[in-house]
Amino acid sequence: MMTPRGGLGAAIIDGTVYAVGGETPTGVLGTVEAFDLATGSAWVPVPSMRTPRHGVAVQSVGPSLYAIDGGRQPQAGAPSKVAEVLRP
């Protein structure tokens, strides 16, 4: 990945893996990165989530990613109660 992270969510759409959110030692991420399994090329950035979160649940449905809940504070924190639809 372009940005090393823990606590990310991930899902696959049409042979592309999407890494969503997560956290680093310095903060919580809203970034989303994609990796095409067929070509094995490098990770590339795609549009970010509006709300940075770690521990986010991610599910693909058709061409969309659903990013649900997750923490907004590093390490723990209360659930965000935020759901977003991402269309990478």
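Laid out as a table, the results:
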quantity: The chain, relative contact order in percent, only Cα pairs under 8 angstrom and at least six apart counted; calculated: 25
quantity: Label point at Leu37 placed 7 Å out along Cα→Cβ; residues across region 1-19 whose backbone nitrogen lies under 17 Å; calculated: 1, 9-19
quantity: Order of Glu84, Glu23 - criterion: other Cβ atoms within 10 Å of each residue's Cβ, fewest first; calculated: Glu84, Glu23
quantity: Unit charges at the beta carbon, dipole of the chain: most positive-side option, Ala42, Gly71, Gly55; calculated: Gly71
quantity: Highest-MSF residue in the chain out of Pro25, Pro74, Pro52 [GNM, Cα springs under 10 Å]; calculated: Pro25
quantity: Theoretical FRET efficiency, 1/(1+(r/R0)^6), r = Cβ-Cβ of Arg72 and Thr3, R0 22 Å, to 0.05; calculated: 0.80
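All of the numbers you see were taken from the coordinates with simple rules; none came from a lab. Since the model is a prediction, treat every value here as computed from it, not as a measurement. Heads up, the Cβs are rebuilt from the backbone with ideal geometry, glycines too, and the neighbour counts pull from every protein chain shown.
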